[in-house]
Amino acid sequence: MKTLTYKLSSLALVVGLSACGSSSVDISNGSDDSAQFSLSVSDAAVEGATEVNIFAKQVTLRSAGGEDTVFATLDENDQPIKINLLDFQGSQAYQLISNEEVDLGNYEWLRIDVVNGDENDLTNTSHVVFPTETRPLVVERKGNDGVGEIQLDGFNLNQGNNEFVAEFDLKRSLVDPKNPNDDSIKLKPRGVRLQNLTDAANLMVTVDSALIGTCESDFAASASELDSSFGHSVYVYSSGTTADNALDINADDDSVSMSPVATANLTIDDVSGDYIAEIGFLGEGNYALAYTCLSHLDDAETIDDEVVIYAFKTSIDVTGDASTSVISDDLVYVAPVVETTE
């Protein structure tokens, strides 16, 4: 096993990776049987949280031959690096490992070890900050040593630069078990995907305020009980998904192909008044897209009938040479008529 200590500065480790399809190959460094490996971290936001902090302890690469290469990801004080995932959305990412020389070839998996949240030491362990409270963030695993494992399967390293992003889709990965004996928020690795930047692009979505207002009006009775707000989001689905079979975020293995592969919150543009979202680091290909104002009702552990898709686009080609844009005119209204009682 190779163990490398990789110290990270807390200063400006932000990389803008919007030109995803332009990763270059440089064989001037390293031997003929080595590759340069880089790993960044990005996320898609979730309703309610103001911070989602993970403490990354190390990253392990397991080769097809069973050999491990371990990068200890430490800050200037030799402590696990703290990353607030909400600071790195869309095409923004936190660079965790940069241009480290590793062996060429196939790898079985990549694993990020994080320090699980401890309610007795939230300052130095993973945690989620809400407007009224702070709760431990835990990745469950066998054993009870305070370390959570986010394991991502299957990738290949070629000669030259190999740049990857671990994309945390927090709508899909954060779960509140609502256990009276356990106050922690769970982070499910199924909501994290590993994307090679040589085959990645960004999807930009613009929804005009009129469509937003109509959805809120049609589903006024479904506003958040806490503050009467709505969850305006776009869901990205695999090719072939239709408005009739698309489902909300859920953990049902039988319907995973109809659950979103990526999500993003819509936020208002102060200049245009429209709502925009950026879904970063999608693999090149064809997708479907949905808009809903009811994502605040979406429980990632169940299929929620009350989460209604309001507008849909069956086919979007996403390519790596530039960001792909979708506007409201591309979306087709598909929500059922809302029945009201006098």
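The values are calculated or read from the model by the stated rules, or taken from the named source; none is laboratory data. From a predicted model like this one, the values you see are computed outputs, not experimental measurements. Note: ideal-geometry Cβ built from the backbone for every residue, glycine included; neighbour counts use all protein chains shown.
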Discussion item. Among the numbered criteria (1) assigned to a loop (DSSP other than H, G, I, E, B); (2) at pLDDT 90 or above, which one does A251 miss?
Written reply: (2)
Worksheet item: Of the residues S239, S233, S173, which is exposed (fewer than 14 other Cβ atoms within 10 Å of the Cβ), modelled with pLDDT of 90 or more and closer than 29 Å to N286 by Cβ?
Response: S239
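For the stretch 306-329: of the residues being among the charged types (D, E, K, R) and over 17 Å from E216 (Cα atoms), which is surrounded by the fewest Cβ atoms within 10 Å (Cβ to Cβ)?
D329
Conditions tested, residue by residue: (1) of a type outside the set (G, A, S); (2) surrounded by 18 or more Cβ atoms within 10 Å (Cβ to Cβ); (3) within 24 Å of G320 (Cα to Cα).
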{"site": "N158", "(1), (2), (3)": "yes, no, yes"}
{"site": "A166", "(1), (2), (3)": "no, yes, yes"}
{"site": "N181", "(1), (2), (3)": "yes, no, no"}
{"site": "P189", "(1), (2), (3)": "yes, yes, no"}
{"site": "R193", "(1), (2), (3)": "yes, yes, yes"}
{"site": "N202", "(1), (2), (3)": "yes, yes, yes"}
Worksheet item: Got at least one residue in the stretch 213-232 being among the polar types (S, T, N, Q) and within 30 Å of L39 (Cα to Cα)?
Response: no
Discussion item. Quick check on the stretch 46-55. Is at least one of its residues over 16 Å from the mean Cα position of the chain (by Cα) and either more than 30 Å from S228 (Cβ to Cβ) or of a type in the set (S, T, Y) (or both)?
Written reply: yes
Worksheet entry | G105 in contact (Cβ under 8 Å) with a residue 40 or more places away in the chain, more than 30 Å from T206 (Cβ to Cβ) and exposed (fewer than 15 other Cβ atoms within 10 Å of the Cβ) | yes
Discussion item. For the stretch 41-61, check the following and say yes or no: at least one residue is free of Cβ contacts under 8 Å to residues at least 60 places away in the same chain, surrounded by fewer than 18 Cβ atoms within 10 Å (Cβ to Cβ) and not in a strand (DSSP E or B).
Written reply: no
Discussion item. Yes or no: the stretch 111-119 includes at least one residue that is exposed (fewer than 14 other Cβ atoms within 10 Å of the Cβ) and not assigned by TED's automatic domain parsing to the domain that holds P260.
Written reply: yes
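Hand me the list of strands (runs of 3 or more DSSP E) wholly inside the stretch 277-342 holding 1 or more residues that are β-branched (V, I, T) and at pLDDT 90 or above. Lay out the reasoning, then the answer.
On the way: elements: 285-292, 311-318, 324-327.
In the stretch 277-342, 285-292, 311-318 are the strands (runs of 3 or more DSSP E) which contain 1 or more residues that are β-branched (V, I, T) and at pLDDT 90 or above.
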Worksheet item: Does S295 satisfy the criteria of being farther than 16 Å from S325 by Cα and of a type in the set (S, T, N, Q)?
Response: yes
Worksheet item: Hey, any hits in the stretch 81-97 for a residue that's surrounded by fewer than 20 Cβ atoms within 10 Å (Cβ to Cβ) and small (G, A, S)?
Response: no
Fill in: Close pairs from the stretch 318-341: first within 21 Å of I276 (Cα to Cα), partner aromatic (F, W, Y) and modelled with pLDDT of 80 or more, Cβ under 8 Å, at least 6 apart
V318/Y287; L331/Y291; L331/F312; V332/F312; Y333/Y310; V334/Y310; V334/F312; A335/Y310
